[in-house]
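Enquirer: Please see the structure below; I have some questions.
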Amino acid sequence: MKKTMIGLIALLLVLSGCGSKTTEEGSTSPSALTQTEGAAASPAASTPASETPEQASGDGFVFEANGIAIPMHAEAAPILKQLGKPQSYFESQACAFPGLNKIYQYSSFDVYAYEKDGVDYIASVILFDDTVATKEGVTLFNKKSDVIKAYGDKFTNNLNLYVYDQGKSQLRFVIENDQVTSIEYLAKI
Amino acid sequence: MVRKKLIIGAVAIVLLLGSLYVLQRLLMPKYVSGIVEGSLIGEYYKEDRKDFDVVFLGDCEVYENFSPVKLWEKYGITSYIRGSAQQLIWQSYYLLEETLKYEKPKVVVFNVLAMQYNEPQKEEYNRMTLDGMELSAIKLKSIQASMMKSEHLVDYLAPLLRFHSRWDQLSEDDFTNLFGKEKLFHNGYYMRVDVKPAGRVPRAPRLPDYRFGSNAYSYLDRLTELCKENGIKLVLVKAPTIYPHWYDEWDTQMEQYAAAHDLTYINFLKHMDDAGIDLQTDTYDAGLHLNVYGAEKLATYFGAFLADTYRLQDHRTDETWSGIWQKKIDFYDRMKQDQLDELAKYGYLKRYKVET
């Protein structure tokens, strides 16, 4: 009986030790294109504790506007200061979760920020017209061949979405009828 | 001697299992302050009488935008919102299946924003819907349909396995709500009295594909079929909130679906003026959700449609129902006044730990 009890307790302890951590790792990225809701789905929720967002920003895609670099996962405040006052600002709280999604609208692009430990980081940049281009020269309304020429053919494709991965970031193109209709930089989990 | 050993063994097992049960209850999130939405689903089971005329299903666009108390006060309609944060359509379907074990409502209202999700999204949201459900085969099916790849069924059946690491996050709430929680909602409605006017919403990004996914459609078909089998009128709605974007392409698909299946679909974004909703005063978060004033206006507007179209009986002359609802009204009015007092005193809803 004693052995059975010890075995049972040991089994329960082992089982309880197998529980995974509350923070999920390696889940899908929070693309603004899918309007994933807020902080619960932000990269902050899943950035490994050992890696700060700043470290994650090091080797990813970088959008540049008027010579101002906007790397994904970079701290937002200094970048936003350089960009100047946005045309509008919108913030939303995810249903049932603390933390805010912050969206800064400039004339040709929107900057999305996520919050981690009270600091805002760049979550995404979406381009809205062809007066701005990616660092490698792709703009809205370019052809698919222009995208491949600039970024190569190592993309993942699902329907009209073409995704390039680099470090902790993605560059996502929507291409319809051989024309780029959306460009998004995204901080990846 | 053998008998004595058996008794000692049995007592030890009972004590061990009892301790694990208490430990599990202690470590599970309580959702009684701050993130209260995790308590929504569980409150339904505490209702003494569950034969509601109308049951709402869906995400925050139902539990924050329709006031069941106003539906009662204006039309004598009994209703309950079985909503939860980011409730996915398969979760809505299984919640309806489960609801039918208790009652057969005349009308089911489903908010279609969830159609944008074709696959499981986030464990934290899953938990807020699934952990609140009572254990049943239906709950198991909902878990199976909802789990992320990294999740395990056993973690839902024995949440201690999942939440054992919460021991260092325990707060007073975990102890004071160990064996029961205070009532937080009004037939599934989450009240907010604060106001934050809507401004300019972000531009809608272009999507790679506007078609709702096959999995989402499959569950909408099942929801439709389940309602038909049970003689329930299904009403599809889109709540009048302006963010996240509700694309025209999505709206068209819902119109077409409703027409093909002989259902009613109401996009309340197109009826905001008729309902008298003003997003300068009737939202607490700049247009994402309505506050209590907006939810009451929407209930008043929608209630007239429900009462007329489905000839729902006015139960206000029913003594049993009136007694039940008077208690609900008292609780509703008390909370509304309490929130207004807090807002006046602190500038935000302190008890809910919500800063505006």
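Read-outs throughout are calculated quantities, based only on the coordinates presented, and are distinct from any laboratory measurement. None of these values were measured; they are calculated from a predicted model. Using ideal geometry, Cβ is built from the backbone for each residue, glycine included, and neighbour counts are taken over all protein chains shown.
Enquirer: Ordered by packing density, taken as the mean number of other Cβ atoms within 10 Å over each peptide's residues, highest first, how do B:131-142, B:55-66 rank?
Expert: Per-residue mean Cβ counts within 10 Å order the peptides as B:55-66, B:131-142.
Enquirer: Cα to Cα, under 12 Å, and not fewer than 8 places away if on the same chain: which aspartates and glutamates meet these conditions relative to A:LYS143?
Expert: Leaving aside aspartates and glutamates fewer than 8 places away in the same chain, those within reach of A:LYS143 are A:GLU176, A:ASP178.
Enquirer: To continue, here is another question. Could you work out how far apart the two model spin labels at A:GLU91 and A:THR139 are, taking each label as a point 7 Å from the Cα in the direction of the beta carbon, and quote it in nm?
Expert: In this crude spin-label approximation the distance works out to 3.5 nm.
Enquirer: Same structure again: Can you flag which of B:LYS270/B:LYS328; A:LYS102/A:LYS168; A:LYS154/B:LYS238; B:LYS101/B:LYS328; A:LYS81/A:LYS149; B:LYS106/B:LYS297 are past 29 Å Cα-Cα?
Expert: Checking Cα-Cα distances, B:LYS270/B:LYS328; A:LYS154/B:LYS238; A:LYS81/A:LYS149 exceed 29 Å.
Enquirer: If you count the DSSP beta bridges with both ends in the protein assembly as shown, what percent of them are antiparallel, to the nearest 5?
Expert: Of those bridges, close to 70 percent are antiparallel.
Enquirer: If you don't mind, another one. Given points 7 Å out from each Cα along the Cα-Cβ axis, report the B:GLN313 to B:ASP338 separation in nanometres with one decimal.
Expert: Result for the modelled spin labels: 3.3 nm.
Enquirer: How would B:TRP321, B:TRP250, B:TRP167, B:TRP90 line up from fewest to most surrounding beta-carbon atoms within 10 angstrom?
Expert: Result, fewest neighbours first: B:TRP167, B:TRP321, B:TRP250, B:TRP90.
Enquirer: Can you name the helices of chain B, as whole DSSP H runs, whose Cα span along the helix axis is 30 Å or more and whose Kyte-Doolittle mean is not below 0.0?
Expert: Going by DSSP H runs, the hits are B:2-27.
Enquirer: Please arrange A:PHE155, B:PHE179, A:PHE109, A:PHE61 by how many other C-beta atoms lie within 10 Å of their C-beta, fewest to most.
Expert: Final ranking by Cβ density, sparse to dense: B:PHE179, A:PHE155, A:PHE109, A:PHE61.
Enquirer: Let me ask you something else. When the Karplus curve 6.51 cos²θ - 1.76 cosθ + 1.60 is applied with θ = phi - 60°, which whole-Hz ³J(HN,Hα) does each residue of segment A:115-128 get, with x for Gly and Pro?
Expert: 3J(HN,Hα) across segment A:115-128, in whole Hz: 10, 9, 6, x, 10, 8, 10, 6, 9, 6, 10, 10, 8, 10.
Enquirer: Could you list the square roots of 5 times each eigenvalue of the Cα gyration tensor of segment A:47-189, that is, the equivalent ellipsoid semi-axes, sorted largest first and rounded to whole Å?
Expert: 25, 17, 14
Enquirer: Hey, fewest Cβ within 10 Å first, where do B:TYR156, B:TYR189, A:TYR151, B:TYR346 land in order?
Expert: Fewest-to-most Cβ neighbours within 10 Å comes out as B:TYR346, A:TYR151, B:TYR156, B:TYR189.
Enquirer: Let me ask you something else. With unit charges on the beta carbons (Lys and Arg positive, Asp and Glu negative) and the dipole taken about the Cα centre of chain B, which residue among B:ALA259, B:ILE324, B:LEU16 sits farthest to the positive side?
Expert: Value computed over the given set: B:LEU16.
Enquirer: Moving to a separate point now. Counting Lys and Arg as +1 and Asp and Glu as -1, what is the net charge of the other residues whose Cβ lies under 13 Å from the Cβ of A:LYS144?
Expert: -2
Enquirer: Work out how much length B:LYS46 to B:TYR217 would gain on full extension: take 0.36 nm times their residue separation and subtract the Cα-Cα distance, in nm to one decimal.
Expert: 58.4 nm
Enquirer: For a test of the definition: using alpha carbon positions, the gyration tensor, and the 1.5 limit on a/c, classify the protein assembly as shown as rounded, prolate or oblate.
Expert: oblate
Enquirer: Between B:LEU234 and residues 5 or more places away or on another chain, which pairs have amide H atoms under 5 Å apart, with H built 1.01 Å from N, and which residues are they?
Expert: Amide H neighbours of B:LEU234: B:VAL108.
Enquirer: Of the options B:LEU140, B:PHE302, B:ALA344, report the single residue whose Cα projects farthest towards the positive end of the charge dipole of chain B (beta-carbon charges: Lys, Arg +1; Asp, Glu -1).
Expert: Of the listed residues, the answer is B:LEU140.
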